[in-house]
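The values are calculated or read from the model by the stated rules, or taken from the named source; none is laboratory data. Just so you know, these numbers come straight off a predicted model, no measurement behind them. Virtual Cβ from ideal backbone geometry, glycine too; neighbours counted across all protein chains shown.
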Amino acid sequence: MIWKGITAKLWFALILLVLLSFVVTGFAGDRFIRNLYYRQRTEELLTQGEILARSLSDPARRSRLLDEVDLLGGFARAGVMIIDSQGKIQSCAMRGGGFFGHGMHRGWPAPGMHLDASEAERVLDGNIVVSRGYHPGFDTAMLTVAVPIKSGQEVLGGVLLYKPLASLDEAAANMRRTILWAALAGVLLATVISLFFSRSFTRPLVVMAGAARSMAAGDFSTRVPVYGNDEIGNLAASFNYLAGRLEDTIRALSQEKLKLDRVVNGMTDGVIAYDGEGKILFSNPQAERLLGMPLKPGAKLDPGLLKVTNQVASEGEGGEGEIACGRLFLAVRAAPLQESSGGTAGAVAVFQDITARRRLEQLRQEFLASISHELRTPLSFIQGYTEALVDGLAQNEGERQEYLQIILEETVRLRRLVDDLLDLSKAAAGQLQLIKEWFDPVELAWRVARKFQPAMEGKGLKLEVKVEGEVPSLYGDPARLEQALANLLANAQQYTPGGGQVVVRVRREGKEVAFSVADTGVGIPPEELPYIWERFYRVDRSRSRRDGGSGLGLAMVKALVEAHGGRAEATSQVGKGSTFTLYLPAANGFGPQGQPGGVNIDSESKA
C-alpha cells in the first residue's frame, strides 16, 4: 500500500525530476563539452599548424625543420605530416599523438609517399582544412587540421596535424561517469528529501483520514491538530469546522428522529413505511397490533396489503381505502415516497381503526330502526283501539274497559320508553337527577328479589340472595339503583330457561360494594359482550322484540351506575349463563342488616 501513498508518489516524482534533470544536463553537457573540446583542440592545432607553416615557408629553416619533425610533433602534441606542392610526404612524425603504429599497413606513412587524402588536395589549393571523423589511413577516428605553406601567393606545400579522437571520447566518458555518479547522489538526496517532506505532508493527512473513518463510524467528536498556516493547516482547520458542524447537525437530526419515533410509536394509528420492492423500512407497534402480524424491518409486506396501500398511494393526496383484519375495520391512507430522481421509492401507509366508527354507524342505523319499531308498536295499538272506541265497536262495557286497559298499558309502555330515552340522554349529558341518601345495599337486594320472586317461581326458576361478609352502607339514590338491579333480574328471568337458577350476590371488594346477578341462561357470545351496553343493542333481536324488550335495559343500567361513580361489567359463557356485576363506591360504616353467609329468598319471603 505504501507504493500507492503520497510518500511513494512524491519520491517517484522527485527521482524522476532528478533523473530527467541529470539526463538532460548530461546530454547537453556532453554535447557542449565535446564541441568545446573539439573547438579548443582545433584552434590549438590551427595555431600550431600556422606557426609550422610560417616556419616552413622560410627556405633557410625548412630543411632543418624537416629533419626535426619528431620534435615538431612533440611540440604540437599531435601527429605531423609535411607534404610538398606535389602532395608527396616530405616528413612525418606520429609519436607526438601517442598512436605510433596506427596505419593501413606497415611503413605508412613514410617520406616520399604520395598522399591521396582529400585534405591534401584542398590544402594544396591554399585552403585551411579542418576535418573530423574516421580516417582510413589510420583506421581510427581522427581530428585533422591542414594548413598550406605559402610563399606569397604560391603554395609550397602543406602541414597536416593529426590528433586521434579517442582521447576526446575518453574525456567525454569520464564526464558521463561523473554525471552518473552525481545522478546517483542526487537520487539518494532526493529520496531523503522526499521522505522528510512527504512525512511532514502525509502525517496530517493520515490523522485526518483516521478522523474521517471515526466520523464514518458515528464519532463526530474527533478533531485533528493544526500544524501550520499553509494549505494543509487550512485543510485541517476546515476539517475540524466540518466535524463540528456535522456533529451539531447529526445531534439535531438524532433529536428530531427521537421525537419522530416517540410521536410515531405513541400514535394510536399504525404506521408502515416500505420501499419500492415492498420491503418494510419501519413500523410502529400499533401497526402490528392492528394488522395482527409481525412487521420486521427488511421483511416483505403481505401482497394483499401491499396491493391496497399502493392503490391508495397512487390516488395521491386525500386517497383513502378500507381493509378488514379479523373483526377490525381499518382505514388506510398512504403517500408515496419520492426519490431524488423523481421516481417512486415506496410509500408510507397509516392505518386507523374505524371499527368503533363503523359499529357506531351500525348502531345509529339500528337505533333509528329500533326506536321507530318501538314507537310504532304502542302507537299502533293506541290508534287502533282508540279508533275502535270512537267507531263504537265495543259491544259492551266489558269490551270498552278492555280496550281502555290496552290503551293505558301501551301508553304506559310508551311513556316508560320515552322516560328511559330521556334518562339516558340526561345521563350522557351529566344532568340525571339523583336523590341521594344513606341506605343498606343488602336490604335493597332483598327488596328487589322479593318483587321478582313470584314471577321466577312461575317460570320454575330458583332465586337466591347471598351476602358475603360485612357490607358497608352506600350513599346514593336507592330508587335508581333498584331500577338497575330490576333490569338485571328481568334479563336473567327472560333469558334463563325453566329449571335454572338466578343468584344475587352482595359483597365488599376493597373500597367498592359489588352487586352480582348470575344466571344459568343461554349466555352471550364473546364477540357480543363489548356491545351489550349500547342502546337498542340486542343479542337475539327477534326474540327480544317478541318478548317485548326494547334494548335499553342494560344501557340504562350502565348509565345509572356510572352516575353514582361506579362501573358495570359482564362475563358470560354460551350455554352456561351470564354474570352482571355492578361496582359502587363504598361509604364508611356498615348496614345494620348486612349479615354474612347466604339467604334463601323462599324462607325470607315466607317469614
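Things to note:
- The lone exception for residue 224 - which of (1) under 41 Å from the mean Cα position of the chain (by Cα); (2) modelled with pLDDT under 80; (3) outside any helix (DSSP H, G or I) it fails: (2)
- Test: residue 468 is at pLDDT 90 or above and under 60 Å from the mean Cα position of the chain (by Cα): no
- Residue within the range 80-95 that is surrounded by fewer than 20 Cβ atoms within 10 Å (Cβ to Cβ) and either at pLDDT below 70 or at positive phi (or both) present: yes
- Among the conditions (1) farther than 19 Å from residue 581 by Cβ; (2) surrounded by 17 or more Cβ atoms within 10 Å (Cβ to Cβ); (3) β-branched (Val, Ile, Thr), the only one that residue 504 does not satisfy is (1).
- Among the conditions (1) within 30 Å of residue 225 (Cα to Cα); (2) surrounded by 15 or more Cβ atoms within 10 Å (Cβ to Cβ), the only one that residue 120 does not satisfy is (1).
- Residue among 176, 199 that alone is under 29 Å from residue 20 (Cα atoms), among the charged types (D, E, K, R) and under 60 Å from the mean Cα position of the chain (by Cα): 199
- Among the residues here, residue 329 qualifies as surrounded by 17 or more Cβ atoms within 10 Å (Cβ to Cβ) and of a type in the set (Phe, Trp, Tyr).
- Picking from residues in the range 192-229 that are surrounded by fewer than 13 Cβ atoms within 10 Å (Cβ to Cβ) and polar (S, T, N, Q), the one that is nearest to residue 11 (Cα to Cα) is 200.
- Qualifying residue in the range 147-170 (condition: surrounded by 13 or more Cβ atoms within 10 Å (Cβ to Cβ), among the small types (Gly, Ala, Ser) and modelled with pLDDT of 80 or more): yes
- Restricting the range 459-499 to residues that are assigned to a loop (DSSP other than H, G, I, E, B) and touching a residue at least 60 places away in the same chain (Cβ under 8 Å), the residue that is nearest to residue 514 (Cα to Cα): 471
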